Amino acid sequence: MKRMACIGECMMELSERPDGTLTRGFGGDTLNTALYLARLGVPVDYVSALGDDPFSDAMVAAWSAEGIGTGLIPRVAHRLPGLYLIRTDDRGERRFFYWRDNAPVRQLFRLPQIRAIEAALCEAELIYLSGITLSLFDASGRDRLFDVLARARGHGVRIAFDTNFRPRGWPDAGLARAMFERAFQASDIVLASVEDHELLHGPADPEEVIRRLRAAGVRETVVKLASPACHVMLGAHGEVVAADDVPGVIDTTAAGDSFAAGYLAARRAGRSPAAAARIGHTLAGAVVCHRGAIIPQAAMPAINLAPEAP
């Protein structure tokens, strides 16, 4: 059975509690998506690089226990994974503080194992990456990433890109805009947001975001709106899918990552884009009611991925 592959970075996660104490976990946008995909029964590998330290050992063990494939994660001697701290305000909105400049994943495309990783990516069912993934690498690393995406696509692999733009990860907005445009042109599915678009291009409405994606040749688009809803489009057909109200939001960390997992898992199962968006909303709605990126297994909502009746 073919597998999905998520490319990116996972870091040690420190979450600040109201009393100032910290809890330790792990997280990273594409890793969060991979984990929720695995919980939804999707065969998935994570593609990254870690150190040879106890924290990296614990990450790999935890991911394996969740059912994530870890065979495409080389280990780099004498390196530690990146670290981030989440501070959450009274409304559940979060700020991130990072220590990640020397993380081993930044060397990924210079490691001796990269040829084997690239060969495996060309055999995947779908490759998922994000704007944060793009920000991890230097120019030569990004060129090699786009080259393997093109080769994989030539082998029938679908590419899904989540914009997930973090300005601090980029030396300037112009470079980010150019790399995002390149990613749009390389993708079959793009999960975007009006918020990301405005950070990159200035004030915009959803129609402008959709036009930009369609002009780049993206056939399937999901544009998250300012309200709790998204606009999904496949070919010429589009519609707005609203999320149900979620009382008691505690922490919005990984809301978008879990939405992506629900959406991609549902599309893989044959659900329509609108039905997939509703499943994405359901999963994200559960995630925001807990602190941190990864909710307990027992808190996972019941999700039916059976194909819709004709």
Environment charge of VAL76, counting only residues whose C-beta is closer than 11 Å and scoring Lys/Arg +1, Asp/Glu -1 = +2
Could you look at region 86-149 and say what percent of its accessible area is carbon and sulfur, using a 1.4 Å probe and all protein chains?
-> 45 percent
Per residue, what accessible area does the chain have, given a 1.4 Å probe and all protein chains present, in Å²?
-> 43 Å²
At 20 °C in a medium of viscosity 1.002 mPa s, region 6-66 has a Stokes-Einstein diffusion coefficient, with Rh taken as the Kirkwood radius over alpha carbon pairs, in µm² per second, of 172 µm²/s
For region 95-122 and region 167-211, distance of Cα centres in Å = 22 Å
Of all trypsin sites (Lys or Arg not before Pro) in region 40-108, which ones are in loop regions per DSSP and have a Cβ with at most 10 other Cβ atoms within 10 Å?
-> ARG91
Obtain the radius of gyration and the Kirkwood radius of region 248-310 from its C-alpha atoms and give Rg over Rh.
-> 1.00
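Given 0.36 nm per residue, what is the gain on full extension from ALA119 to ALA178 after removing their alpha carbon distance, in nm?
Values: separation 59, 0.36 × 59 = 21.24 nm, distance 2.66 nm.
Contour length minus the Cα-Cα distance gives 18.6 nm.
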Mean separation of Cα contacts under 8 Å (at least 6 apart) over the residue count of region 213-310, i.e. the relative contact order in percent, is 24 percent
So for region 140-219, what are the equivalent ellipsoid semi-axes in whole Å, largest first, each being the square root of 5 times an eigenvalue of the Cα gyration tensor?
-> 22, 16, 9
Which of ALA62, ALA260, ALA34 moves the most in a Gaussian network model of the chain with Cα springs under 10 Å?
-> ALA62
Taking N as its residue count, the alpha carbon Rg of region 188-310 over 2.2 N^0.38 Å | 1.06
Among 208-219, 15-26, how do they line up from the highest to the lowest mean number of other beta-carbon atoms within 10 Å?
-> 208-219, 15-26
Over region 230-310, with every protein chain in place, what whole percent of the accessible area is carbon and sulfur at 1.4 Å, could you tell me?
-> 57 percent
If you build the Cα gyration tensor of region 1-127 and take the root of 5 times each eigenvalue, what three semi-axes come out, in whole angstrom, biggest first?
-> 26, 18, 12
Around GLN297: net Lys/Arg minus Asp/Glu count, Cβ-Cβ under 13 Å = 0
FRET efficiency, 1/(1 + (r/R0)^6) with R0 35 Å, evaluated for ARG144 and PHE97 via beta carbons | 0.75
Scoring region 85-161 by relative contact order with C-alpha pairs under 8 Å, at least six apart, yields a percentage of 32 percent
Mean Cα-pair separation over length for the chain, i.e. relative contact order, pairs under 8 Å, 6 or more apart, % | 15 percent
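As a test of the formula, what do you get for the chain when each DSSP H run with n ≥ 4 contributes -39,500 (n - 2.57) and the sum is divided by the residue count, at 222 nm and rounded to the nearest 500 deg cm²/dmol?
Working: 10 runs with 113 residues, N = 310.
Result for the chain: -11000 deg cm²/dmol, rounded to the nearest 500.
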Kirkwood Rh and Cα Rg combined as Rg/Rh, the chain = 0.93
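The values are calculated or read from the model by the stated rules, or taken from the named source; none is laboratory data. Values in this document were obtained by computation on a predicted structure and should not be read as measured data. As a convention, Cβ positions derive from the backbone with ideal geometry for all residues, glycine included, and neighbour counts pool all protein chains shown. With ligands, DNA and RNA removed, areas are computed over all heavy atoms of the protein, side chains included. Shrake-Rupley method; radii C 1.70, N 1.55, O 1.52, S 1.80 Å.
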